[in-house]
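Read-outs: derived from the displayed coordinates by stated rules, not from any lab. Remember, it's a predicted structure, so these values are computed and weren't measured experimentally. When we count neighbours, we look across all protein chains shown, and the Cβ atoms used for this are built from the backbone with ideal geometry, even at glycine.
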């Protein structure tokens, strides 16, 4: 019996999967042309029937460019911290020295660096869906997001940023681990994360 086609196969896996055909590469191209496979990038694919499975897409984001983990807006929405739907799948990287994005039929995958010292902290492996993926804790996702926003220094400015600009759910925010966020926020070395540290100290 032939093994089942995995959700996110690469070229080597597919060549082995279709080794019974005279030309496995032609069979792969046929699967793409008929819409059974979606090309994420050269050598990496997604099963078309998995296109609307959010856990598979998050797992694909981990594989597409790495090391990386789901963070920023996509993670904040995943945890119900922000109300708006997020179309782009956003991930954190380190030492890439530039932002990176992939546009394909599965969506837009966006990657942005955070400081190396904070990168490994607050990451966990989510296994609740049909495919496991690496994602920031809600506390880490918020700190990562604040790292991308420059020069908000005052306590009042931070509060407005959190609840007016980002539109954080206050109940969800109050459920977060403030100590974890204080420890994390000191590591980013920006005015906004320093302001967030001071804001947390007032709560």
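Observations on the model:
- 13 Å cut-off, amide nitrogen to a point 7 angstrom out along residue 169 Cα→Cβ, residues in segment 57-75: none
- Where only C-alpha atoms are counted, convex hull volume of segment 138-201 per residue in Å³: 71 Å³
- C-alpha long axis of helix 138-147 to longest principal axis of the chain, angle in °: 80 degrees
- Note on segment 1-115: the C-alpha convex hull projects to 8.3 nm² when averaged across all orientations.
- The C-alpha atoms of the chain define a longest principal axis, and helix 191-201 lies at about 60 degrees to it.
- Residues residue 187 and residue 132, FRET efficiency given R0 of 35 Å [Cβ-Cβ distance, rounded to 0.05]: 0.85
- Residue exposure sequence - 111, 79 - by fewest surrounding Cβ within 10 Å: 79, 111
- Were the residues from residue 34 through residue 124 laid out at 0.36 nm apart, the gain over their Cα-Cα distance would be 28.8 nm.
- Compared with the dominant principal axis of the Cα atoms in the chain, helix 54-64 is inclined by about 80°.
- Taking only the alpha carbons of segment 1-50, we obtain Rg and Dmax values of 9.9, 29 Å in that order.
- Counting Cα-Cα pairs of the chain in 10 Å increments starting at 0 gives whole-percent bin shares of 8, 32, 30, 16, 9, 4, 1.
- Sequence-separation-based contact order of the chain, relative, with Cα cut under 8 Å and 6+ spacing, percent: 17 percent
- Dimensionless Rg over Rh [segment 109-153; C-alpha; Kirkwood]: 1.03
- Among 39, 140, 96, the largest mean-square fluctuation in a Gaussian network model of the chain (Cα springs under 10 Å) belongs to 96.
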